[in-house]
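Worksheet: the structure to be examined is printed underneath.
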Amino acid sequence: GKRAYLRKMKSHEGENIFESDWDVLVILDACRPDLPREVSTEYPYLGELDTRHSVGTATMHWMEQTFSEAPESELQNTVYVCGNPFSGHLLDGNQFQHLEDVWKWGWSEESGTVLPRPITDAAISLARDEEPERLLVHYMQPHTPFVTSSESPKLTLENFDGSGSRPLDDWEMIEMCERSEEEVWEDYLENLRHVLDDVELLQENVDGDRIVVTSDHGNAVGERGLYGHPGGISIPALYEVPWCETDAKDSGSHQPSEYRPEEQSEDIESKLDALGYR
């Protein structure tokens, strides 16, 4: 079952994010270290680009390993703003000072994902209201679908976790010779720019002596003939992640829009129940 699968996955030793010192930690989902390196001159606020080994090679695995190993007292001082729907399967909000599942109300049907802005707005609001010791902000980009590309197949909440039938993603389209590696890489890079613009806004509107920008796992682009991040495989392309340290100061320049829509009532909750997300 799932436990055996996760044991099999733990074939490399990564470093748990809670072993490091940070006030704000930003997860860019499925981001290889060479991606931000390619745009580092455009985003000088990222500072030095280092790499680390993640505890996972896919989000589900990363969440399982990260939060089960973190000290309870640390989690009680952590506000986690999460765009990735796997939190609905794996996490209990009571573990945290506050868990904000932005995907529950911020999923964009049009883009087939959670866009950066609702995550940024929720994170800024919660940072100001809750003043957490640790703020963890999990964006969906640069993970597929690529929001700026018309070629990129969209996801739905129904098929996000792979249980429903879903369209091929861009990485699978390379394998099927329906898209070129060059094209997909450009879209992947553009998807990173799309989220880094928002991370910059976040950095200017929260306080923290140490803000880290990293990822939950990497993504293969042809290494050993692999694309994307298939489960059960442990290679550096999948567990090497960027690690950028900088600082943050709340300038008060951004007034986040009211991040929790009032209509987040029965209809959304019942839809999530039907999908097994609660």
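The values are calculated or read from the model by the stated rules, or taken from the named source; none is laboratory data. The model shown is predicted, which means the values in this text are computed figures rather than measured ones. Every residue, glycine among them, receives a Cβ derived from its backbone with ideal geometry; neighbour counts consider all protein chains shown. Each accessible area value is taken on the protein alone, full model and side chains, heavy atoms only, with ligands, DNA and RNA left out. Shrake-Rupley method; radii C 1.70, N 1.55, O 1.52, S 1.80 Å.
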Size of the dipole of the range 1-129 about the Cα centre, Lys and Arg at +1 and Asp and Glu at -1 on the beta carbon, nothing else charged, in debye to 20? 560
Please give the net charge around Leu99, taking every other residue with its beta carbon less than 12 angstrom from that of Leu99, where Lys and Arg add +1 and Asp and Glu add -1. -3
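On the accessible surface of the chain, probed at 1.4 Å, how many percent belong to carbon and sulfur atoms?
43
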Charge dipole (debye, nearest 20) of the chain; +1 at Cβ of Lys and Arg, -1 at Cβ of Asp and Glu: 980
Fluctuation leader among Leu91, Leu115, Leu192 - the chain, Gaussian network, Cα springs under 10 angstrom: Leu91
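Taking N as the number of residues in the range 39-162, what is its alpha-carbon radius of gyration divided by 2.2 N^0.38 Å? Walk me through the numbers on the way to the answer.
Values: Rg = 15.3 Å, N = 124, 2.2 N^0.38 = 13.7 Å.
Here the answer is 1.12, to two decimals.
Over the chain, what is the percentage of antiparallel beta bridges among all DSSP beta bridges, to the nearest 5? Each step should come with its number before you reach the end.
Values: 14 of 32 bridges.
About 45 percent, rounded to the nearest 5.
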Mean separation of Cα contacts under 8 Å (6+ apart) over length of the range 126-231, as relative contact order %: 26
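Relative to the Cα centre, what is the charge dipole magnitude of the range 59-113, using +1 at the beta carbon of each Lys and Arg, -1 at the beta carbon of each Asp and Glu, and rounding to the nearest 20 debye? Before the final figure, lay out the partial values.
Working: 1 positive and 9 negative charges, 10 e Å.
My answer is approximately 40 debye.
If packing is taken as the average count of other Cβ atoms within 10 Å, what order do 75-82, 18-25, 222-229, 135-142 fall into, highest mean first?
On the way: 75-82: 21.2, 18-25: 17.2, 222-229: 15.0, 135-142: 28.2.
Ranked from most to least packed, the peptides come out as 135-142, 75-82, 18-25, 222-229.
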Could you give the nm distance between label points at Glu38 and Ser108, where each point is 7 Å from its Cα heading toward the beta carbon? 2.1
